[in-house]
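Asks: Pasting a structure here, questions to come.
The values are calculated or read from the model by the stated rules, or taken from the named source; none is laboratory data. Given the structure is predicted, the values throughout are model-derived calculations rather than measurements. Cβ atoms come from the backbone with ideal geometry, glycine included; neighbour counts cover every protein chain shown.
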Amino acid sequence: MTPIEETENTHTIAVLVDNEPGVLARVIGLFSGRGYNIDSLTVAEVRARRHQSRITIVTTGTPMIIEQIKAQLGRLVPVHSVSDLTLEGPHVERELALVKVAGTGEKRVESLRIADIFRARVLDSTNESFVFEIVGDTGKLNAFVDLMRPLGLVDVSRTGVVAIARGAEAL
Amino acid sequence: MANGKKKANNNTGTMSGSEILIKALSDQGVTRIFGYPGGAVLPLYDAMHQQNSIKHILVRQEGGAVHAAEGYARSTGEVGVVLVTSGPGATNAVTGLTDAMMDSIPLVCITGQVPTHLIGNDAFQECDTTGITRPCTKHNYLVKKVEDLAHVVHEAFHVARSGRPGPVVIDLPKDVAMAIGAYLAPDKIEHKNYAPQVKGDASAIKEAVALMAGAKKPIFYCGGGVINSGPKASKLLTELVHTSGYPCTLTLMGLGAYPASDPQFLGMLGMHGTYEANLAMHDCDVMVCVGARFDDRITGVLSKFSPNSKKIHIDIDPSSINKNVKVDVPIVGDVANVLEDMIKQWKASNAKPDQKALKAWWKQIDEWRAKDCLKYVQSGDIIKPQYAIQRLYEATKNLDEVYITTEVGQHQMWAAQFYGFEKPNHWMTSGGLGTMGYGLPAAVGAQVAHPDALVIDIAGEASILMNIQEMSTIAQYRLPVKVFILNNEYMGMVRQWQELLHGGRYAESYMESLPDFEMLAESFGAVGLRADKAGDLDGMIQEMLKTDKAVIADVRVEKLESCYPMIPSGAAHNDMLLGPEDEANKPISEDGMVLV
């Protein structure tokens with residue numbers, strides 16, 4: 001028997017589903033029931049007329065597990081298609097975060113300066129706080145949050161990853 | 001709606017939700033429903049009371065209804081139908097649904113629900129049925145509008161029976177069952193995207209056949225998928241096995257897919273499979289897996305599973321492929337469809353297996369067979385359980401239609417080892433979930449489907465008590481089910497494992513305070529029989545067979561007999577225990593101890 005490859009990789013999987021009650025519970029239940037990881041999960045209706053939602057899942061596992069995840073997702077009745085964006089060619093990923101930083105004086109000014117470098121926008125401001133909006137890939141967001149930590153980071157809200165394949169083709 | 005309650009009007013094609021349900025079931029070909037009434041399903045029962053096309057079988061506990069529907073489905077190839085009430089009705093059905101999910105049995109289970117405006121209010125007999133049954137069904141529906149009902153029922157049948165079959169739940173709130181709506185005939189139903197792949201990929205089939213034709217030590221390893229694919233699949237499998245001249249082994253769920261009396265059959269494989277089947281699996285160079293799923297009861301320890309073989313895997317469910325074992329040629333498709341293409345390809349390519357190699361392979365297999373791994377010694381008065389099954393088989397094998405169900409445990413394995421099945425759909429057992437209490441209600445279902453056939457539940461004295469209330473169902477419908485109990489006064493398999501793994505400390509595995517099964521039978525209007533000595537056995541079996549009523553036969557067997565051969569937990573196929581004398585030589589590893 002071929003030895004099972006043990007290296008774990010992170011994959012971004014796009015799933016097109018019927019937007020019906022319980023469909024998200026089905027997907028999440030599959031992951032928890034079978035012990036798969038969810039690093040991030042986003043969902044929203046994308047084809048209103050056809051009542052279809054797109055779920056983007058970032059997950060980590062060995063190649064055999066990733067293959068299982070896709071096959072298990074594929075056999076759920078409300079699932080239309082399962083695409084492994086990581087395997088199927090180049091794609092772009094974006095995530096949005098709202099980052100609240102509280103402080104005064106030099107730290108406050110420094111946070112604004114870094115936000116500028118990262119092209120983050122100020123959404124809300126009080127005399128002792130900012131709420132920044134930042135868009136980018138997961139690595140960029142992590143870097144920004146890390147930099148804000150010593151400058152008075154108090155709260156973070158992130159959307160999780162959304163992703164789409166490059167080029168002219170649809171899912 | 002209090003005063004102006006609309007009435008169903010057949011002229012305009014509108015009817016109540018209950019009538020829509022009955023009509024939809026009837027249009028799906030349903031003639032039998034297994035169920036139990038309750039508050040939330042009263043309108044459905046009222047509608048059923050006023051028609052004749054569907055007969056309702058009243059069970060004594062909802063769990064029994066689901067197993068009965070499983071027995072019905074497995075013995076007919078049709079979808080089994082269950083009707084239970086909300087709350088406890090639904091939760092009692094969960095074990096059976098999980099059982100059907102694991103063994104891929106097509107069921108549609110209709111559960112009542114509290115009216116829509118009470119959902120989420122912790123109402124009387126409310127539970128989150130779709131939430132609870134989501135992981136143990138192939139799909140489930142909560143019907144919130146009567147307009148959706150007909151469509152949902154038709155779709156549920158389509159989902160239950162197509163692809164890899166499985167249970168589907170329809171949760172129906174009481175107000176929807178009473179609302180008035182329009183009916184939709186099944187021919188107008190089309191599912192948006194659920195379309196399992198039936199036809200296998202031609203290039204994969206070509207590759208598989210080339211691999212098979214070049215094999216020196218091939219084996220067919222086939223499972224319940226062959227049976228689910230229909231009787232044609234069994235015929236095609238037999239044809240392919242005969243054409244190739246290769247050996248064939250079956251899983252517990254697959255028994256009957258290939259004739260047991262055929263010389264190319266090696267017996268069942270797996271934990272309690274035959275020595276020759278398991279050794280052939282271990283040593284083969286090409287394995288053709290047809291409709292089986294490399295379950296842990298089959299493979300033993302994965303790292304040592306058939307180390308030198310190329311593997312071909314035919315399965316309709318892509319998620320079964322490469323789940324436990326990496327295969328070389330996966331073919332997604334329906335077994336019958338793929339086998340037909342394979343036979344064509346085999347003939348078209350003029351495949352000529354290496355006869356010299358094949359001869360040597362069969363010689364090797366015959367050497368393994370010579371071990372006679374199922375041997376036992378029947379001497380003296382005490383009945384060996386194996387002997388009891390063998391005598392039952394001898395007495396019934398020439399009868400026309402015999403359906404065997406089992407409970408779970410040692411008796412189940414002995415039945416699998418010693419009862420030979422020539423045809424598919426005649427063997428009903430709980431394989432994946434291992435549900436004690438399955439056999440008696442499953443026998444009810446099989447007998448309802450085949451009123452004139454001989455239906456035998458091979459049981460243990462512990463398992464039978466788990467759903468013994470169904471004797472009352474058997475009495476009500478005058479079902480001549482025969483219950484054949486191998487009574488050793490222990491939960492035998494638990495006792496065997498305690499012996500193997502826990503120093504023979506029999507914690508709670510002795511069956512205290514057993515009923516007198518003969519009197520129990522009589523109290524349900526059945527006939528009670530008993531055999532204490534080997535010499536009484538044949539006479540008792542004949543007595544049982546000529547009784548036209550239900551029978552409980554209490555066969556007192558050797559108490560401490562263990563089930564062999566056995567692949568102990570954590571061991572490989574070529575590391576079998578052939579009998580108690582082997583145990584001392586092959587102690588079980590610590591890794592094996594934690595496995596089930």
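Asks: Here is a check on your reading of the model: is B:Ala160 closer than 25 Å to B:Pro135 by Cα, in a helix (DSSP H, G or I), touching a residue at least 12 places away in the same chain (Cβ under 8 Å) and within 13 Å of chain A (Cβ to nearest Cβ)?
Replies: Against the criterion (closer than 25 Å to B:Pro135 by Cα, in a helix (DSSP H, G or I), touching a residue at least 12 places away in the same chain (Cβ under 8 Å) and within 13 Å of chain A (Cβ to nearest Cβ)), B:Ala160 qualifies.
Asks: Would you confirm, using the coordinates I've provided, whether B:Gly431 is under 15 Å from B:Gly267 (Cβ atoms) and either modelled with pLDDT under 95 or not in a helix (DSSP H, G or I) (or both)?
Replies: Spelling it out, it is not the case that B:Gly431 is under 15 Å from B:Gly267 (Cβ atoms) and either modelled with pLDDT under 95 or not in a helix (DSSP H, G or I) (or both).
Asks: While we're looking at this one, here's another question. Out of A:Arg47, A:Arg54, A:Arg75, I need the residue that is touching a residue at least 40 places away in the same chain (Cβ under 8 Å), outside the structural domain of A:Val145 (by TED's automatic domain parsing) and within 20 Å of A:Val17 (Cβ to Cβ). Which one? Walk me through how you get there before you give the answer.
Replies: On the way: A:Arg47 fails: touching a residue at least 40 places away in the same chain (Cβ under 8 Å); A:Arg75 fails: touching a residue at least 40 places away in the same chain (Cβ under 8 Å).
The match here is A:Arg54.
Asks: Exactly one condition in (1) over 30 Å from B:Tyr141 (Cα atoms); (2) within 14 Å of chain B (Cβ to nearest Cβ) is false for A:His80; which is it?
Replies: It fails just one condition, (1).
Asks: Look through the stretch B:445-474, keep the residues that are over 16 Å from B:Met428 (Cβ atoms) and of a type in the set (D, E, K, R), and return whichever of them is surrounded by the most Cβ atoms within 10 Å (Cβ to Cβ).
Replies: Per the stated criteria, the residue is B:Glu461.
Asks: Also: Hey, could you check the stretch B:309-333 for residues that are touching a Cys at 6+ places or on another chain (Cβ under 8 Å) and at the interface with chain A (Cβ under 10 Å from one of its Cβ atoms) and say which is farthest from A:Pro63 (Cα to Cα)?
Replies: Per the criteria, the residue is B:Ser309.
Asks: Looking only at helices (runs of 4 or more DSSP H) that lie completely in the stretch B:7-125, which have at least 1 residues being more than 30 Å from B:Met436 (Cα to Cα) and among the charged types (D, E, K, R)? Lay out the reasoning, then the answer.
Replies: Working: elements: B:17-27, B:42-49, B:62-76, B:88-102.
Those helices (runs of 4 or more DSSP H) span B:17-27, B:42-49.
Asks: Return yes when B:Tyr246 is under 16 Å from B:Val286 (Cα atoms), touching a residue at least 12 places away in the same chain (Cβ under 8 Å) and part of a loop (DSSP other than H, G, I, E, B) and no when it is not.
Replies: It is true that B:Tyr246 is under 16 Å from B:Val286 (Cα atoms), touching a residue at least 12 places away in the same chain (Cβ under 8 Å) and part of a loop (DSSP other than H, G, I, E, B).
Asks: Shifting gears a bit: Does B:Ile343 qualify as being within 14 Å of chain A (Cβ to nearest Cβ) and either free of Cβ contacts under 8 Å to residues at least 60 places away in the same chain or not polar (S, T, N, Q) (or both)?
Replies: In short, no.
Asks: Going by the conditions given, is A:Thr56 crowded, with 17+ Cβ neighbours inside 10 Å and either in contact with a Gly (Cβ under 7 Å, 6 or more places away or on another chain) or away from every other protein chain (no Cβ under 11 Å) (or both)?
Replies: It is true that A:Thr56 is crowded, with 17+ Cβ neighbours inside 10 Å and either in contact with a Gly (Cβ under 7 Å, 6 or more places away or on another chain) or away from every other protein chain (no Cβ under 11 Å) (or both).
Asks: Mind checking which residues of the stretch A:107-147 are in a loop (DSSP other than H, G, I, E, B) and not aliphatic (A, V, I, L, M)?
Replies: A:Phe118, A:Arg119, A:Asn127, A:Glu128, A:Asp137
Asks: Looking at the structure I just gave you, is B:Ile382 out of contact with any Pro (no Cβ under 8 Å at 6 or more places or on another chain) and among the hydrophobic types (A, V, I, L, M, F, W, C)?
Replies: yes
Asks: Oh, and also: Determine whether A:Gly152 is at positive phi and either of a type in the set (A, V, I, L, M) or without any contact (Cβ under 8 Å) to a residue 40 or more places away in the chain (or both).
Replies: Spelling it out, it is not the case that A:Gly152 is at positive phi and either of a type in the set (A, V, I, L, M) or without any contact (Cβ under 8 Å) to a residue 40 or more places away in the chain (or both).
Asks: Within the stretch B:521-570, which residues are of a type in the set (Ser, Thr, Tyr) and buried (at least 22 other Cβ atoms within 10 Å of the Cβ)?
Replies: Hit for the stretch B:521-570 is B:Tyr564, nothing else.
Asks: Which of the residues belonging to the stretch B:256-279 are in contact with a Ser or Thr (Cβ under 7 Å, 6 or more places away or on another chain) and outside any loop (DSSP other than H, G, I, E, B)?
Replies: Selection gives B:Leu266, B:Gly267, B:Met268, B:Ala277.
Here is a yes/no grid of residues against (1) modelled with pLDDT under 95; (2) within 14 Å of chain B (Cβ to nearest Cβ):
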residue	(1), (2)
A:Gly22	yes, yes
A:Gly61	no, yes
A:Lys70	no, yes
A:Val92	no, no
A:Arg113	no, no
A:Asp116	no, no
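Asks: While we're looking at this one, here's another question. Tell me which strands (runs of 3 or more DSSP E) are completely within the stretch B:477-596 and hold 2 or more residues being in contact with an Asp or Glu (Cβ under 6 Å, 6 or more places away or on another chain) and not aliphatic (A, V, I, L, M), or say none if there are none.
Replies: Of the strands (runs of 3 or more DSSP E) lying wholly inside the stretch B:477-596, those with at least 2 residues that are in contact with an Asp or Glu (Cβ under 6 Å, 6 or more places away or on another chain) and not aliphatic (A, V, I, L, M) span B:527-531.
Asks: How many of the residues making up the stretch B:213-230 are crowded, with 24+ Cβ neighbours inside 10 Å and either within 14 Å of another protein chain (Cβ to nearest Cβ) or assigned to a helix (DSSP H, G or I) (or both)?
Replies: Qualifying residue count for the region: 5.
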